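Since the structure comes first, as structure tokens, the remarks are kept for the end.
The values are calculated or read from the model by the stated rules, or taken from the named source; none is laboratory data. Predicted model, so just to flag it, every value in this text is computed and none were measured. Please note: Cβ atoms are built from the backbone with ideal geometry, for glycine as well, and neighbour counts cover all protein chains shown.
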Amino acid sequence: MKRGLTIGAAAREAGVGVETIRFYERSGLVPQPPKPEGAGVRLYPASTVEQVRFIKEAQELGFSLREAQDLLKLRANPSAECSDVRSLAAAKLDEINRKIQRLQNIGATLERLVAACPGNVGLQECPVMEALTSHSGHCRQAEGK
């Protein structure tokens, strides 16, 4: 009786492609099971499926792969505390809020440029093209730079 899953079965159970698991192995996010002696395929434990699902959930919340790896390390550390995870989550929330603000600024600038653009003039008179080529700071201001 087999004691594990083939890479294809593990990928299906985790809801990812085989190449995702291979990439995670190369990146050190999940361990590659040992190659069996003689002929045969590597068999992945259920913990690999759990780790891959964990990584995907972390990514859904905006965590990078490196940050997901940090979270996995905390998860595996018996002396880690919830406050450690909270600190990482709070930092991610701050980063997301900064990105939201930057995108709102960009959106406001684009709204102004679109409103100022009559749409029926030559490119030389186009306010959008002018903002992109004049180095006037319209775009940098939108990003908060």
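Here is how the numbers come out for the structure above:
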{"read-out": "Candidate set from the stretch 86-130 (those that are part of a loop (DSSP other than H, G, I, E, B) and touching a Cys at 6+ places or on another chain (Cβ under 8 Å)); member that is nearest to GLU60 (Cα to Cα)", "value": "CYS117"}
{"read-out": "Long-range neighbours under 9 Å by Cβ, at least six apart or interchain, first residue assigned by TED's automatic domain parsing to the domain that holds GLN59 within the stretch 14-29, second modelled with pLDDT of 95 or more and hydroxyl-bearing (Ser, Thr, Tyr)", "value": "ALA14/THR20; ALA14/THR48; VAL16/TYR24; ILE21/TYR44; ILE21/THR48; TYR24/THR48"}
{"read-out": "The lone exception for LEU61 - which of (1) surrounded by 12 or more Cβ atoms within 10 Å (Cβ to Cβ); (2) closer than 25 Å to ARG86 by Cα; (3) at pLDDT below 95 it fails", "value": "(3)"}
{"read-out": "Count - residues of the stretch 1-17 that are closer than 14 Å to LEU43 by Cβ and either modelled with pLDDT of 95 or more or not in a loop (DSSP other than H, G, I, E, B) (or both)", "value": "7"}
{"read-out": "Qualifying positions in the stretch 64-85 - in a loop (DSSP other than H, G, I, E, B) and either surrounded by 10 or more Cβ atoms within 10 Å (Cβ to Cβ) or of a type in the set (D, E, K, R) (or both)", "value": "SER64, ASN77, ALA80, GLU81"}
{"read-out": "Every pair of residues 6+ apart whose Cβ atoms lie under 6 Å, when the first sits in the stretch 47-68 and is under 23 Å from PRO33 (Cα atoms) while the second is in a helix (DSSP H, G or I) and of a type outside the set (A, V, I, L, M)", "value": "VAL49/GLU13"}
{"read-out": "Any hit, the stretch 26-33, residues being over 26 Å from LEU93 (Cα atoms), touching a Phe, Trp or Tyr at 6+ places or on another chain (Cβ under 8 Å) and not in a helix (DSSP H, G or I)", "value": "yes"}
{"read-out": "The stretch 86-108 residues that are over 24 Å from ALA68 (Cα atoms), paired with ones that are in a helix (DSSP H, G or I) (beta carbon under 6 Å, 6 or more apart)", "value": "ASN105/ALA142; ILE106/ALA142"}
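Okay, residues lined up against (1) more than 21 Å from GLN69 (Cβ to Cβ); (2) loosely packed, with under 11 Cβ neighbours inside 10 Å; (3) more than 18 Å from the chain's Cα centre (by Cα):
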site	(1), (2), (3)
ILE7	no, no, yes
ALA11	no, no, yes
ALA14	no, no, no
GLU19	no, yes, no
VAL41	yes, no, yes
ALA46	no, no, yes
